[in-house]
Amino acid sequence: MTTLSRSLPKPRGPAVKTSKWDDSDEETDTKAKGNANVNVAAALSQQIAVRGAPPYGLRRSSGWTPRSTLDFGDGGAFPEIHISQYPLDMGRKNGQAGGGSSGATLALQTDADGTLRYDMVLTHAARDGKIIHSTIKSLKDSDIDPDADRAKPSQEEIDKITEKTKAALEKLTESRIQANQPKGVVSSTSAANAPQFVRYTPSSSSGSSVDTRIIRMVEAPIDPMEPPKFKHKKVPRAPPSPPAPVLHSPPRKVTAEEQKNWVIPPCISNWKNAKGYTIPLDKRLAADGRGIQDVQINDNFAKLGEALAIADRHAREEVKLRAEMQAKLAAKQKKEKEDKLRMLAQKAREERAGITTSSSVPVGQQGLGAAVGAYGDSDDESASESDEEVDKDKVREREEIRKERMRQREREMRMSHMGADAKAKVLSKLNSDRDISEKIALGLTQPTTSKESQFDQRLFNQSSGMSSGFAGEDSYSVYDKPLFAGSSSAAIYRPKKAVDDHQDSIPGVRTDRIERIVDGGNAEGGSGSMTRGPHKGFKGTEGGGSRDGPVQFEREEDDVFGIEDFMSTAKRGREDREDSDSKRRKSAHDITELAFQSNRPGIQSPPYAGPVEFDSEVLSAMATPATGHVDPTFIAKFGSSLEMLRSVFYAPTGQPFVIAGSGTLTWDATAANLVEPGDNVLVVNTGVFGDWFAECIGVYGGAVDSVGAAFGDRPTLAQIETALKAKKYKLITVTHVDTSSGVLNNIDEICALVKRVSPETLIALDGVCSVGAEVIKQDEWGIDVVMTGSQKALGVPPGLAVMVVSKRALDVALNRKSAPSTYFASFKKWLPIMQKYEARQPSYFATPPVQLILALHVALTQLVAAQTTLEARFSEHRAASKRVKDTLESWGLKIVPVRRECAANTLTAVYYPQGVTGAEFLPKVAAKGVLLAGGLHPEHAAKYFRVGHMNVSVMHGALNGHLDSTLNAIKAALQECGHKF
């Protein structure tokens, strides 16, 4: 190829570009097109010569890559260059251009180092001069190229740049000066704001003497203190750039090693709450309510404790002294007995041998040498033998000391040769009775595999948590364990032996004092009797005999405050109360007046008074110390009570409310929150409480219409449907059981009718005398508000207004047009309070009745968690109601409800029989221990009386006999009044 190019003549046309990166491509092409007489063969040969491939071996290192057809010459690929090659377009697909890549695909290229240039994706379509940092090298520091052109610019360029910079600075400075100048000052330099002079000639009709005037006109200055005429609104800031994405690790299971690392050691706590969470010991102690109670300790406790401590110390000293004295006496008696036996044996030997002694020495003063002196031939031999005995005793004593020291050295040697584990075992056996705190103080603790052995077991209990470590909630006993647990009290009078048998003295004990007492003298060295104690006794105990055992105290009465007598008196019944009741009720008129004033009747079993009888557990819940409404125990029970109310009302979606007040407060809350001035309200009236409910709604501006019936009957469904079709009502109210008449409304049928005729109408049910004893399914029947009090079938003393509100009624109350005309009964005020307590969080709007709510929690627990279901409870009330009504009708009495299906199951309203009046009948019943309620309806009050039968009087009737005693009292009173059965 080189020879061919040299043999050809030079082309006469313009030079072909030598580089594909040459910037004069267009220029060259234009000139080439204009020259028509180019020698094609010469140009081709020149191109071949220029575009020829580098020599073999240098193609890859120089970075040369064949791209066009000319690069391949007369054909043939280059195998050492690893790219797709198409010599003479052989193998190229149809539709591809013959000299470059197709579509959006770029051919791979390499740089001078042989690295693939992936940045061609970014730079292939970029404009000329654009800087693209596409590699890591572009981000690294590089040295200045010494060959770069860094010559000093010429003076002309310097002056040009200086003028340009000066003009920019002057423009910036002028704008700042103009901005700081006052706006109201007229600038003399400004042509637009310069004063103008106008010649003015008035008309002759004005009568002025001046012919021509020169007027100077300037712009009116702007007052800088004048407020702006236009309000500038700030444009809201544009949204910021999105935050940087947060990368989270993928979820994974916790490994066994991580679980082991997160194990809470037993020293903190192993007590778990109801949800299974482990509560630390300090948090548990802080939350159990002890810190809230204000404990006050009487000063006499300190005096009593000090006196007991002194008495204990003196008693222990006496016990120790007595034991030492008894030991000395026993040793002395033993010694005397041995001496006596020795003398008897010596005399026997002498008599046998025929030897007689010249003198007799008392046994108590005779030593061992004197006792055996007869065996020798002279006094010297006896003295020498006694000296030998003394020496033998000393030698024996020294031998014992020597042996003891030898055993101690052997023990220490064995301990030094033991390993760490063996030594720890031996020490643990020797110190097994020591507590961990003592072991730590003595440095005897060793790390072991067991975790529990390193903690003081007195700080926590691993077996049963709070139930064993502390007393119960209702227990305030500080001494939870007996004084001598696991041992006998007589053990304190037998102290441990403090010394060995061979020792004659006890460290820390005055043996001389004991010896003086044993010898017959007193403790102080004088003469006296042994019956005298070691120290002076308590005042008032003079003349007592010696004490050889524990102090005996007289047993006091168990019932110091007379509580058992009080309870037994309360349980004896009417026999113990007849006299007091007769004295308290002076006349029959008082009884009748009291009965007429009672608007919530109930069975009264002596000696209790109130609407109904209450369970003993409910009353015990109220007999608790003062508890705050933020106490954790109260919060938990209040929240649980709200949850259980949903079960009792059959309203899983309703919102319970428990407020301090009577059932009448629920009327105010319903009317004030759901009724706005001018709203139409329909009242289904069956007695006095329907009239009063209508009056309450009228107070809050409601337009009330009533649908009623004759006394003892209830409105028909046709009457209610006619009223609903005649007008659009926002609310309809129904009294489930009107206690003034004993009439029961068919609330389930009424709710179905309202849903069919006027579905947008809210339904409110007064269930004061029915909730807990009559069937009420709030969510299923579509009742929006159910109201009740605590003193009836719920079985809680009066004082709580209880209601459950549906979500629809809450939406109406919270989105009403006008503000509710109540403050205390506003749903907006109480809704967050109830929600907080139900979430087990404290909250406050008005102080709740804590004791009553605690009693409500017990009563609801008996309703919901008892073995008897709610359906069985309803059946029990129906059976009790049937029994009472059947019995009264069998005696010739007539009940107020006209039909049994409209008669309530919680109470019975009964007409007086012919010839019997309330003033005569009610006192006779009260004299028998039963307090009945008279009539309440103003038109029929003197014609009937009422008997309540609900709650424990029905559920525990077989035990307390309330129904039997009530019916017997009614029967006896009727007989006394002359009624014929």
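Couple of notes before you dig in:
- A straight chain from SER154 to GLU80 at 0.36 nm per residue would run longer than the Cα-Cα distance by 21.4 nm.
- Between SER647 and MET415, the contour length at 0.36 nm per residue exceeds the Cα-Cα span by 76.4 nm.
- Restricted to Cα atoms, region 616-867 shows a radius of gyration and a Dmax of 17.8, 57 angstrom.
- Neighbourhood net charge (11 Å Cβ-Cβ; Lys/Arg +1, Asp/Glu -1) for VAL910: +3
- Ordering of 727-733, 612-618 by burial proxy (mean other Cβ atoms within 10 Å per residue, highest first): 727-733, 612-618
- Peptide ranges 970-981, 942-953 listed from the most packed, as the mean C-beta count within 10 angstrom indicates: 942-953, 970-981
- With a cut-off of 13 Å between beta carbons, the residues surrounding PHE845 carry a summed charge of +3, where Lys and Arg count +1 and Asp and Glu -1.
- In Hz, Karplus ³J(HN,Hα) per residue of region 840-845 (6.51, -1.76, 1.60; θ = phi - 60°; x = Gly, Pro): 6, 10, x, 7, 8, 10
- Modelled this way, with points 7 Å down the Cα-to-C-beta line, the labels at SER134 and SER890 are 10.9 nm from one another.
- Cβ-based net charge around ALA107, under 11 Å, with every Lys or Arg adding one and every Asp or Glu removing one: +2
- Note, ³J(HN,Hα) from phi for region 908-923, Karplus 6.51, -1.76, 1.60, rounded to Hz, x at Gly and Pro: 10, 9, 10, 6, 5, x, 4, x, 10, 10, x, 5, 8, 7, 4, x
- Backbone HN-Hα couplings from phi across region 395-410 [Karplus 6.51/-1.76/1.60, Hz, Gly and Pro as x]: 4, 4, 5, 5, 5, 5, 5, 5, 5, 5, 5, 5, 5, 5, 5, 4
- Surface per residue (accessible, 1.4 Å probe) for region 873-977, Å²: 38
- Potential extension, ASP779-ARG352 segment - 0.36 nm per residue separation minus Cα distance: 141.9 nm
The values are calculated or read from the model by the stated rules, or taken from the named source; none is laboratory data. Here the structure is a predicted model, which is why all the values come from computation and not from measurement. Neighbour counts run over all protein chains shown; Cβ positions are idealised from the backbone, glycine included. Ligands, DNA and RNA are excluded from the accessible area calculation, which covers all protein heavy atoms including side chains. Shrake-Rupley method; radii C 1.70, N 1.55, O 1.52, S 1.80 Å.
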